[in-house]
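Here is the structure we will look at.
Bear in mind that the values in this text are calculations on the coordinates, not laboratory data. As the structure is a prediction and not an experimental result, all values here were calculated from the model. In this analysis, Cβ positions are derived from the backbone assuming ideal geometry, glycine residues included, and neighbour counts consider all displayed protein chains.
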Amino acid sequence: MEWVAVLILIVSFALLLILGVPIAVCIGLATILTMLPSMPLMPALTTEAQRIATGLDSFTLLAIPFFVLAGHLMNRGGIAKRLVNFAEAALGMLPGALAHVNILAAMLFGAISGSAAAAASALGSIIGPHMVREGYDKGYGVAVNVTSATTGLLIPPSNILIVYSLASGGTSIAALFLAGYIPGILLGLFLMGVAGWIAWKRRYPIAGRPSLRRLWTTFWEAVPSMMLLVIVIGGIIAGIFTATEAAAVAVVYALLLALLYRELRWRELPSVLLEASTTTAIVLFLIATSMAMSWILAYEEIPQRVSEALLTLTHNKLLILLIINFILLAVGTFMDMTPAVLIFTPIFLPVALSLGIDPIHFGIIMVLNLCIGLCTPPVGTVLFVGLSVAQASMTRVLPSLLPMYGAMIIALLLVTYLPELSLWLPRIFGYVN
């Protein structure tokens with residue numbers, strides 16, 4: 001019966017997705033269809049409604065709307081512009097200087113806002129036109145912007161790590177936040193390496209060495225923005241507040257900073273709240289329907305069957321991790337990150353635990369893997385945000401995007417097979433034995 005349920009789930013979900021049905025609705029309808037062989041229609045509908053409601057009944061999830069709102073306040077509050085100025089002063093002498101500026105700014109802004117789409121939108125609109133004026137190929141600029149935007153999903157605070165904590169049954173959010181630093185920075189450095197190589201090969205311009213005075217000035221202008229990371233992460237690790245309380249603190253701090261910079265006026269606040277509410281509604285609807293799908297997977301004992309099948313195939317931990325990565329890479333091309341984490345964590349985490357893989361390490365593997373999917377068609381949320389902002393075509397971006405994929409996959413393999421890249425910081429702070 002379990003494999004019949006799997007077949008119904010996969011086929012119905014794929015057909016609905018091909019028909020262009022929104023992904024949250026695809027998940028909800030596929031879940032009901034999967035329930036029907038086991039129960040009548042009305043109990044199936046009632047069960048899904050209950051699971052959708054209870055799936056959102058979590059204090060931890062309250063952090064997401066707060067971090068989303070903080071991100072929108074930062075996007076409109078002039079914070080991205082100050083981070084770009086600092087990055088340009090720090091990296092202007094490197095080959096392909098503006099590409100490096102984009103990557104460093106994405107690492108800072110994406111980490112502060114917690115949203116890859118927000119980073120791609122904000123930085124694409126600021127740096128993109130500047131790159132074109134300086135003689136950079138537009139496709140190269142989009143490829144750099146899109147891939148670097150995903151670094152903020154690893155460098156905390158990150159909404160998707162909060163979602164993974166929920167899906168994994170309560171893995172420490174503080175430990176996950178700490179675990180994301182080194183992989184996120186590593187990913188950014190790999191992207192810088194590839195961007196610099198392409199820029200050197202194409203002979204893109206190099207800016208002059210910045211003056212120490214400009215570096216110092218732009219650094220101090222960016223410090224208030226970067227202090228948010230210290231306040232949020234420091235407060236969580238020190239036990240001053242929980243991740244949810246930290247998100248609320250982030251909103252207050254971002255609002256004060258936006259008003260201090262005079263980039264946001266009180267009359268603009270309602271539109272910011274509306275944008276944040278829309279984004280939150282989309283994310284939480286995805287989470288709600290994904291939680292219902294996770295329930296039917298557990299009810300049909302599908303995770304146990306997948307675990308048994310993988311362990312029957314091989315007991316080699318390295319090979320199983322490679323298989324899981326291949327599956328997640330394929331999933332990431334057609335499914336958004338939030339439902340993918342909620343649906344596949346209960347399936348693959350038991351396999352990882354049976355092989356002695358730490359759940360913190362596995363969470364970073366999942367998130368980094370699915371970051372690649374955000375830059376990959378046909379779904380590629382962040383990819384299409386970048387294309388839309390730059391008004392560029394896929395065919396123009398793809399030649400520059402392929403080497404970036406290579407850098408991301410190498411980073412993924414290193415994080416997968418070198419656990420200490422993820423576990424070293426959590427171990428220092430006592431979250432891992």
Original post:
Against the longest alpha carbon principal axis of the chain, how many degrees, from 0 to 90 and to the nearest 10, is the axis of helix 359-374 turned?
Top reply: 70
Original post:
Of 255, 98, 374, which has the largest mean-square fluctuation in a 10 Å C-alpha GNM of the chain?
Top reply: 255
**OP:** Enumerate the calculated ³J(HN,Hα) couplings along region 93-105 in order (Karplus 6.51 cos²θ - 1.76 cosθ + 1.60, θ = phi - 60°), each rounded to whole Hz, writing x wherever the residue is Gly or Pro.
**Re:** 8, 7, x, x, 3, 5, 5, 5, 4, 4, 5, 5, 4
Subject >> region 1-55 - Debye-derived log10 I(q)/I(0), Cα point model, q = 0.20 Å⁻¹ >> reply: -0.72
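If you put +1 on each Lys and Arg Cβ and -1 on each Asp and Glu Cβ, how big is the dipole of the chain around its Cα centre, in Debye rounded to 20?
Working: 19 positive and 17 negative charges, 313 e Å.
Dipole size: approximately 1500 debye.
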**OP:** Positive end of the charge dipole of region 92-240 (Lys, Arg +1 and Asp, Glu -1 on Cβ, about the Cα centre): tell me which of 231, 186, 216 has its Cα farthest that way.
**Re:** 216
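Give me the extension gain from residue 394 to residue 305: residue separation times 0.36 nm, minus the current Cα-Cα distance, reported in nm with one decimal. Present the calculation step by step, with values, prior to reporting the outcome.
Working: separation 89, 0.36 × 89 = 32.04 nm, distance 3.90 nm.
Length difference between fully extended and current span is 28.1 nm.
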Subject >> Coil-residue trypsin sites (Lys or Arg not before Pro) of region 159-222, DSSP, other Cβ within 10 Å capped at 16 >> reply: 203
Subject >> Helix-only [θ]222 nm of the chain, DSSP H runs n ≥ 4, -39500 (n - 2.57) each, per residue, nearest 500 >> reply: -26000 deg cm²/dmol
Original post:
Gain in length, residue 333 to residue 213, computed as 0.36 nm per residue apart minus the alpha-carbon separation, to one decimal in nm?
Top reply: 38.7 nm
**OP:** Return the single residue from 231, 372, 162 with maximal mean-square fluctuation; model: Gaussian network over the chain, springs between Cα atoms under 10 Å.
**Re:** 231
Original post:
What length, rounded to one decimal in nm, is gained on full extension from residue 227 through to residue 93, with 0.36 nm per residue of separation minus their alpha-carbon distance?
Top reply: 45.6 nm
Subject >> In order through region 26-40: 3J(HN,Hα) via Karplus (6.51 cos²θ - 1.76 cosθ + 1.60), integer Hz, x for Gly, Pro >> reply: 4, 5, x, 5, 4, 5, 4, 4, 6, 6, 4, x, 9, 7, x
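As an exercise, use a Förster radius of 30 Å and the Cβ-Cβ distance of residue 53 and residue 10 to find the FRET efficiency, rounded to the nearest 0.05.
Values: r = 26 Å, r/R0 = 0.87.
Efficiency, from the Cβ-Cβ distance: 0.70.
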Original post:
Can you give the Rg to Rh ratio of the chain, both from alpha-carbon atoms, with Rh computed by the Kirkwood formula?
Top reply: 0.97
Original post:
At a Förster distance of 30 Å, what's the computed FRET efficiency of residue 274 paired with residue 428, Cβ-Cβ distance as r, to 0.05?
Top reply: 0.10
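Which whole-number percent is the relative contact order of the chain (Cα, under 8 Å, 6+ apart)?
Details: 668 pairs, mean separation 108.5, N = 433.
Computed value for the chain: 25 percent relative contact order.
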Original post:
Given that compact globular proteins tend to follow 2.2 N^0.38 Å, what is the ratio of the alpha-carbon Rg of region 279-433 to that value?
Top reply: 1.13
